[in-house]
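Presented below is the structure to which this report refers.
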Amino acid sequence: MPESRSRLIKCSAPIRICDLGGWTDTWFAKYGAVLNIAIFPDVEVIVGMRKKGAREAKVTIHAENYKDTYDIDPKAKAWSKHPLIEASFRIFELPKDIHLDVSIFSEAPIGASTGTTAAVSVALLGALDLIGQCSMTSHEIARKSHHIETKILGYQSGIQDQLSSAYGGINFI
């Protein structure tokens with residue numbers, strides 16, 4: 001990237017309500033069906049990308065709902081403050097000479113059981129995909145988001161929230 005050039009990427013993903021049949025989309029349910037509706041307010045991710053300074057961190061996170069601003073090393077062995085956000089950077093190989101300034105915001109209240117964490121992950125992965133190859137489909141973004149929660153972080157989670165955030169609208173899974 002030329003030294004004077006910077007980019008701004010904005011991605012959003014809706015949250016989910018009405019999860020009729022929730023948790024039947026998990027490994028332990030064996031079978032089931034889920035109906036949900038993706039709505040606004042959404043999660044908004046804005047990524048500023050520019051040439052990295054010599055002593056500057058690779059990534060700065062602004063988790064606006066938590067009033068947290070901090071630097072991360074995408075290859076760090078341990079999580080710092082927000083594992084879901086930080087784990088998303090392990091999915092992509094970022095260009096070496098860039099700095100990412102990542103702002104994440106949602107009007108949905110924290111802990112409202114509306115799939116907000118899935119929306120954060122889907123919007124962030126969408127933005128990071130735009131930095132790279134722009135090659136992932138909505139389904140692949142949902143799958144990677146689910147992988148972060150279940151495999152990298154070890155949480156119990158179905159995939160309905162990620163699919164709802166990636167596709168929007170009314171979903172029958």
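Every read-out reported here was derived from the displayed coordinates using simple, explicitly stated rules and does not represent laboratory data. None of these values were measured; they are calculated from a predicted model. All Cβ positions, glycine included, derive from the backbone under ideal geometry; neighbour counts span all protein chains shown.
From the helices alone, meaning DSSP H stretches of at least four residues, give me the mean residue ellipticity at 222 nm for the chain, per-run term -39500 (n - 2.57), in deg cm²/dmol to the nearest 500.
Here the helix-only value at 222 nm equals -7000 deg cm²/dmol.
What chymotrypsin sites (Phe, Trp or Tyr not before Pro) in segment 125-173 are in a loop by DSSP, with at most 13 other Cβ atoms within 10 Å of the Cβ?
Filter output for segment 125-173: Y155.
What does the convex hull of the Cα atoms come to per residue for the chain, in Å³?
It comes to 110 Å³ per residue, whole-number rounded.
Suppose R0 equals 30 Å. What FRET efficiency, 1/(1 + (r/R0)^6) with r the Cβ-Cβ distance, do S80 and L8 give to the nearest 0.05?
So, using R0 = 30 Å, E works out to roughly 0.80.
Connecting C-alpha atoms closer than 10 Å in a GNM of the chain, tell me which of L125, L94, L153 has the biggest fluctuation.
Residue with maximal mean-square fluctuation among L125, L94, L153: L153.
Any idea what the alpha-carbon Rg over 2.2 N^0.38 Å comes to for segment 62-113?
1.25
May I ask you to list the trypsin sites (Lys or Arg not before Pro) in segment 66-173 that are in a DSSP loop and have at most 13 other Cβ atoms within 10 Å of their Cβ?
Of the trypsin sites (Lys or Arg not before Pro), the ones in loops of segment 66-173 whose Cβ has at most 13 other Cβ atoms within 10 Å are K67, K75, K77, K81, R90, K96.
Just need the relative contact order of the chain here, percent rounded to a whole number, with Cα pairs under 8 Å and 6+ apart.
Once divided by the residue count of the chain, the mean separation gives 31 percent.
Excluding the sites themselves, what is the longest stretch of the chain that contains no GluC sites (Glu not before Pro) in a DSSP loop with at most 16 other C-beta atoms within 10 Å?
108-173
For a protection proxy built on the mean count of beta-carbon atoms within 10 angstrom, sort 133-139, 115-121 highest first, please.
In decreasing order of mean packing, 133-139, 115-121 become 115-121, 133-139.
Can you tell me the orientation of helix 116-131 relative to the chain, as the angle in degrees between its alpha-carbon axis and the longest Cα principal axis, to the nearest 10?
Tilt relative to the chain: about 40 degrees.
Which loop-located chymotrypsin sites (Phe, Trp or Tyr not before Pro) does segment 58-87 contain, where loop means any DSSP state but H, G, I, E or B and the Cβ has at most 15 other Cβ atoms within 10 Å?
W79
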